[in-house]
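Here the structure comes first, spelled out in structure tokens, and everything after it is commentary.
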Amino acid sequence: MSDVESDANLEADAHASITIGKPAADLHALWLRPETQSRIWAHFADVRVVGDRTAEWVAKGPAGGEYRWQTLTKANSPNELSWSTLDKADVANQGVLTMRPAPGDRGTELYLDVRFDPPGGIVGKAISKMFHIVPREIVRTALYRFRALALTGEIARTDPQPAGRNGGTDH
Amino acid sequence: MRALCWNGVNDLRVETVSDPEIINPSDVILKVRLSTTCGSDLHLIDGLIPTMREGDVLGHEFMGEIVDVGREVTKVKRGDRVVVPSFISCGKCWYCQHDLYSLCDTTHPKPELQEPLLGYPTAGIYAYSHAFGGYSGAHAEYVRVPFADTDCFLVPDGVADDAALFISDAAPTGFMGADFCNIHQGDVIAVWGCGGVGLMAQQGAMILGAERVIAIDKYPERLAQAEAFGAIPLDFTKVDVIEALQELTGGRGPDACIDAVGMEADGTGVQKVYDGVKQALHLETDRGAALRQAMLAVRKGGTLSILGVYGVMDKFPLGLIMNKGITVRTAQQHGQAYVDRLLEYTQRGELTPAALATHRFSLEDSPKGYHMFKHKEDGCLRSVFVP
Ligand SMILES: NC(=O)c1ccc[n+]([C@@H]2O[C@H](COP(=O)([O-])OP(=O)(O)OC[C@H]3O[C@@H](n4cnc5c(N)ncnc54)[C@H](O)[C@@H]3O)[C@@H](O)[C@H]2O)c1
Ligand SMILES: [Zn+2]
Ligand SMILES: [Zn+2]
């Protein structure tokens, strides 16, 4: 692994950007739809909507560990959404999603910044240990999934599917 | 159902696995009528492509009948006889809309596995390792096909199953390779490899108006098939390929060279020993004998069209490309851009993909079929499996 990569693994801040061939208004609305959050973060956490713009997150760690928190999402402007965790979060975090028109006919550029503040100020290295996934991957994959959902109405999946293991099926 | 599973290097077994089911609303389930071997599978079987998992169902070149449809599917229906390209494409993203289907932006279920290798994830593909999506393959009784409205192509009457089959992968790949050559009147095209892909590239180049097509390989029966298609055969073990190509082009060199060989290329002499040792020591997983030869042979300012699959090549003579002003075109096949057209050529008898179907096996005998295909026994060009 290169130095650059291991540095990235140490980051508690994660940033990713993606371009989606849709107007910002559509993407803004899709992001706020209750089922969207549970679908785009599924590689990382179970997200359940519990109230108007509040959601309960349960991230799984290795060896059966579980981390819980609740978030409140705000629409700051037509081009910006943000969330932050409420009190008593196992891993406090906040995120900001900014949208800008992409050049030509390419739609909208999305920039997502997420910052994790683990208890006791553990550095980012611990984040990837806690969740078994590096923060950068958490956000890049979420944006990939969001784009798929925005463009096609679905997210690519391969489970369940036939395989010569686990009794014949991948779950 | 029964399916052919990869269990490690050179370890293929037919096993009982669960039936596929509809997962997403644009999916269909296909009852496989025919599936076939591809040179790309050899990279998996030889262990040259990482991120395979024991138990993965193989097979990415297939056709069949739709037996179940998801609720968003509108263009195809139960009972349709269809052929499906090997890359899974949504039809809605920027790449699909620019005919770059194998680069689709939405069909990779595990983008995090591939993005570190390539910078960005490609489309998912059936049965081609988890870095390429981990989709279950088609050497099985049934297979799930996502984005059916974009990826299922109705096979017209008059195109038999064993012709339609190759319009899944070998034919669009070869045809795309010829298309990359931007063929003009008088152009001479040389094709390295007379496997399914190379032969389809040769027929494609003729359809697109090449003056002359030269076919390079060492297997007599494959060279004979190339000749039957109208190409000039060259056995690279018997002639000096570079000299022969100059001889056939008045010293100009071919206007475009197509590599339909890939990383299992056979070399001759010192290069072969060197590449073999490196491969055995895992120093590099590529043996680029054919590709190097094509770069040397192509005329100045010509086109190099690369269809063969390569890994990470640490010795690549870039200076040849630069100093000769060569245009390089390459891609995994953008099948969806070509299938309708290829079905028409086939209906009119201009393209004859069924010629690739030299050997037929039941699905139960598919490991034997792969063995014959890999070792080119008994003139085997492609093994076709009937579930
Ligand atoms: N780009 C794509 O989307 C795509 C799709 C399908 C296959 N492929 C690739 O295309 C290549 C060919 O596939 P195939 O199914 O025809 O495989 P194949 O194994 O049937 O054919 C390869 C042929 O190349 C010949 N060959 C080996 N070394 C040679 C050399 N030095 N000079 C000339 N010929 C040589 C072999 O004798 C063989 O006949 C493979 O690398 C495969 O992975 C790419
Ligand atoms: Zn193939
Ligand atoms: Zn797409």
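The values are calculated or read from the model by the stated rules, or taken from the named source; none is laboratory data. Owing to the predicted nature of the structure, the values given are computational and were not obtained by experimental measurement. Reconstructed Cβ throughout: ideal geometry from the backbone, glycine too, with neighbour counts over all protein chains shown. Ligands, DNA and RNA are excluded from the accessible area calculation, which covers all protein heavy atoms including side chains. Shrake-Rupley method; radii C 1.70, N 1.55, O 1.52, S 1.80 Å.
Please verify whether the stretch A:43-52 includes one or more residues that are assigned to a helix (DSSP H, G or I), open to solvent by less than 60 Å² (accessible area, probe 1.4 Å) and modelled with pLDDT under 95. First the steps, then the outcome.
Going residue by residue through the stretch A:43-52, those that are assigned to a helix (DSSP H, G or I) are none.
Checking the stretch A:43-52: not a single residue is assigned to a helix (DSSP H, G or I), open to solvent by less than 60 Å² (accessible area, probe 1.4 Å) and modelled with pLDDT under 95.
Considering only residues that are modelled with pLDDT under 95 and open to solvent by 30 Å² or more (accessible area, probe 1.4 Å), look in the stretch B:17-47 and name the one that is farthest from the other protein chains (Cβ to nearest Cβ).
Only one residue tops the list, namely B:Asp46.
In the list B:Asp187, B:Asp149, B:Asp169, which residue meets the criterion of being more than 16 Å from ligand 3 (Cβ to nearest atom) and closer than 26 Å to B:Val28 by Cβ?
Checking each option against the conditions leaves just B:Asp169.
Restricting attention to the stretch A:156-171, which residues are in a loop (DSSP other than H, G, I, E, B) and within 8 Å of chain B (Cβ to nearest Cβ)? Before the answer, list the steps.
So the first thing to find is which residues in the stretch A:156-171 are in a loop (DSSP other than H, G, I, E, B), and the list is A:156-160, A:163-165, A:171.
A:Ala156, A:Arg157, A:Thr158, A:Asp159, A:Pro160, A:Ala163, A:Gly164, A:Arg165 - these are the residues of the stretch A:156-171 that are in a loop (DSSP other than H, G, I, E, B) and within 8 Å of chain B (Cβ to nearest Cβ).
Go through the stretch B:111-126 residue by residue and tally those that are touching a strand residue (DSSP E or B) at 6+ places or on another chain (Cβ under 6 Å) and more than 10 Å from chain A (Cβ to nearest Cβ).
Here is the first cut: in the stretch B:111-126, the ones touching a strand residue (DSSP E or B) at 6+ places or on another chain (Cβ under 6 Å) are B:123-126.
From what is left, the residues that are more than 10 Å from chain A (Cβ to nearest Cβ) are B:125-126.
Residues in the stretch B:111-126 being touching a strand residue (DSSP E or B) at 6+ places or on another chain (Cβ under 6 Å) and more than 10 Å from chain A (Cβ to nearest Cβ): 2 in total.
Identify all residues within the stretch B:127-158 that are more than 8 Å from chain A (Cβ to nearest Cβ) and out of contact with any strand residue (DSSP E or B) (no Cβ under 7 Å at 6 or more places or on another chain); write none if there are none.
B:Tyr128, B:Ser129, B:His130, B:Ala131, B:Asp149, B:Thr150, B:Pro156, B:Asp157, B:Gly158, listed by residue number.
Looking at the stretch A:130-155, which of the residues that are part of a helix (DSSP H, G or I) and touching a Cys at 6+ places or on another chain (Cβ under 9 Å) is farthest from the other protein chains (Cβ to nearest Cβ)? Don't jump to the end; show me each part of the working.
First, the residues of the stretch A:130-155 that are part of a helix (DSSP H, G or I): A:130-131, A:135-152.
Add one more test, that the residue is touching a Cys at 6+ places or on another chain (Cβ under 9 Å), and what stays is A:147-148, A:151-152.
On the way: A:Arg147: 6, A:Ala148: 4, A:Leu151: 5, A:Thr152: 5 Å.
Among those residues, the one meeting the criterion is A:Arg147.
Counting only residues that are open to solvent by less than 40 Å² (accessible area, probe 1.4 Å) and over 24 Å from B:His139 (Cα atoms), how many does the stretch B:347-361 have?
1
Out of B:Ala215, B:Ala201, B:Ala190, I need the residue that is more than 14 Å from chain A (Cβ to nearest Cβ), crowded, with 23+ Cβ neighbours inside 10 Å and within 16 Å of ligand 2 (Cβ to nearest atom). Which one?
Numbers: B:Ala215 fails: within 16 Å of ligand 2 (Cβ to nearest atom); B:Ala190 fails: within 16 Å of ligand 2 (Cβ to nearest atom).
It is B:Ala201.
Go through B:Lys368, B:Lys376 for me and flag whichever is surrounded by fewer than 18 Cβ atoms within 10 Å (Cβ to Cβ), of a type in the set (D, E, K, R) and within 12 Å of ligand 1 (Cβ to nearest atom).
Numbers: B:Lys368 fails: within 12 Å of ligand 1 (Cβ to nearest atom).
When all the criteria are applied, what remains is B:Lys376.
For residues in the stretch B:70-89 being hydrophobic (A, V, I, L, M, F, W, C) and either under 17 Å from A:Arg157 (Cβ atoms) or within 16 Å of ligand 3 (Cβ to nearest atom) (or both), which is most open to solvent (accessible area, probe 1.4 Å)? Outline the logic, then answer.
Restricting attention to the stretch B:70-89, the residues satisfying the condition of being hydrophobic (A, V, I, L, M, F, W, C) are B:73, B:76, B:82-84, B:87-88.
Next, from what is left, pick out any that are either under 17 Å from A:Arg157 (Cβ atoms) or within 16 Å of ligand 3 (Cβ to nearest atom) (or both): B:73, B:84, B:87-88.
On the way: B:Val73: 22, B:Val84: 1, B:Phe87: 5, B:Ile88: 0 Å².
Filtering first and then ranking leaves B:Val73.
Tell me, which residue of the stretch B:90-110 that is open to solvent by 10 Å² or more (accessible area, probe 1.4 Å) and closer than 17 Å to A:Ile133 by Cβ is farthest from the other protein chains (Cβ to nearest Cβ)?
Step by step, filter the stretch B:90-110, then rank; the result is B:Lys110.
Hey, B:Asp56 hits all of (1) touching a Cys at 6+ places or on another chain (Cβ under 9 Å); (2) open to solvent by less than 10 Å² (accessible area, probe 1.4 Å) but one; which does it fall short on?
Condition (2) is where B:Asp56 drops out.
For the stretch B:1-16, give me each residue that is open to solvent by less than 10 Å² (accessible area, probe 1.4 Å) and either more than 7 Å from chain A (Cβ to nearest Cβ) or not in a strand (DSSP E or B) (or both). Working first, answer last.
Taking the stretch B:1-16 as the starting set, the residues that turn out to be open to solvent by less than 10 Å² (accessible area, probe 1.4 Å) are B:3-5.
Once the filter is applied, which keeps residues that are open to solvent by less than 10 Å² (accessible area, probe 1.4 Å) and either more than 7 Å from chain A (Cβ to nearest Cβ) or not in a strand (DSSP E or B) (or both), the stretch B:1-16 yields only B:Leu4.
Out of all the residues in the stretch A:111-129, is one or more within 13 Å of chain B (Cβ to nearest Cβ) and either open to solvent by 30 Å² or more (accessible area, probe 1.4 Å) or within 23 Å of A:Glu35 (Cβ to Cβ) (or both)?
Within the stretch A:111-129, the first condition is being within 13 Å of chain B (Cβ to nearest Cβ), and the residues that meet it are A:128.
Among the residues that remain, those that are also either open to solvent by 30 Å² or more (accessible area, probe 1.4 Å) or within 23 Å of A:Glu35 (Cβ to Cβ) (or both) are: none.
No: the stretch A:111-129 contains no residue that is within 13 Å of chain B (Cβ to nearest Cβ) and either open to solvent by 30 Å² or more (accessible area, probe 1.4 Å) or within 23 Å of A:Glu35 (Cβ to Cβ) (or both).
With the stretch B:107-169 as the region, which helices (runs of 4 or more DSSP H) entirely inside it contain at least 1 residues that are in the same structural domain as B:Pro367 (by TED's automatic domain parsing), at pLDDT below 95 and among the acidic types (Asp, Glu)?
Working: elements: B:111-118, B:148-151, B:161-164.
The helices (runs of 4 or more DSSP H) meeting that bar are B:111-118.
Looking only at residues in the stretch B:73-89 that are in contact with a His (Cβ under 9 Å, 6 or more places away or on another chain) and within 14 Å of chain A (Cβ to nearest Cβ), which one is nearest to ligand 1 (Cβ to nearest atom)?
Here the answer is B:Phe87.
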